[in-house]
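Structure first, commentary second.
What follows is calculated from the coordinates using simple rules that are stated; it is not laboratory data. None of the values given here were measured: they were computed from a predicted structure. All Cβ positions, even for glycine, are placed from backbone atoms using ideal geometry, and neighbour counts span all protein chains on display.
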Amino acid sequence: MTAQNSTQDVRDLAEAWWLALTGEGAARRKRARLSVRQVAEAIGVGGPTLARWEMGDRRPTGDPALAWVRLLRQLGEDAQAFRMAMPAPCATDDTWGTIDRREWVG
């Protein structure tokens, strides 16, 4: 975080935490028909890390969390353009995306 962007970064991190805790991050990704792997690669984390964020098991932090929140905003604005720019997933790419958040919540 740079000093000039720190206020916006703090807001974006708070939004990332909300997206993780509510499951809204996963819902937005699924509405855009993107795999966990595609989004994880786009923001610079592994698929298991993103899956844990989406399930609310881990709190998103750092630059990857900021990239995640900004990507999800962009998906809302232009999901089709993003999908077309991403490589097509293979059959095993969405392994983590098939985990249902309800399976992990007591």
- Selection from the stretch 10-54 of residues closer than 18 Å to GLN74 by Cα, surrounded by fewer than 18 Cβ atoms within 10 Å (Cβ to Cβ) and not hydrophobic (A, V, I, L, M, F, W, C) yields ARG11, GLY23, GLU24, LYS30, ARG31, ARG33, GLU41, GLY44
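Looking at the stretch 31-42 only, could you name the residues that are more than 8 Å from the chain's Cα centre (by Cα), part of a helix (DSSP H, G or I) and under 13 Å from LEU71 (Cα atoms)? Show your work before the answer.
Taking the stretch 31-42 and keeping what is more than 8 Å from the chain's Cα centre (by Cα), we get 31-35, 37-38, 41-42.
If we keep only those that are part of a helix (DSSP H, G or I) as well, we get 31, 37-38, 41-42.
Passing the criteria: GLN38, GLU41, ALA42.
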- Message: Name the single residue that is surrounded by the fewest Cβ atoms within 10 Å (Cβ to Cβ) among those in the stretch 55-76 being touching a Lys or Arg at 6+ places or on another chain (Cβ under 7 Å) and in a helix (DSSP H, G or I).
- Response: GLY76
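Residues of the stretch 37-69 being charged (D, E, K, R) and in contact with a helix residue (DSSP H, G or I) (Cβ under 7 Å, 6 or more places away or on another chain), which ones? Spell out how you get there, then give the answer.
Of the residues in the stretch 37-69, the ones charged (D, E, K, R) are 37, 41, 52, 54, 57-59, 63.
Of everything in the stretch 37-69, those that are charged (D, E, K, R) and in contact with a helix residue (DSSP H, G or I) (Cβ under 7 Å, 6 or more places away or on another chain) turn out to be ARG37, GLU54, ARG58, ARG59.
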- Query: Quick one: is VAL45 outside any loop (DSSP other than H, G, I, E, B), without any contact (Cβ under 8 Å) to a residue 40 or more places away in the chain and more than 17 Å from LEU21 (Cα to Cα)?
  - Reply: no
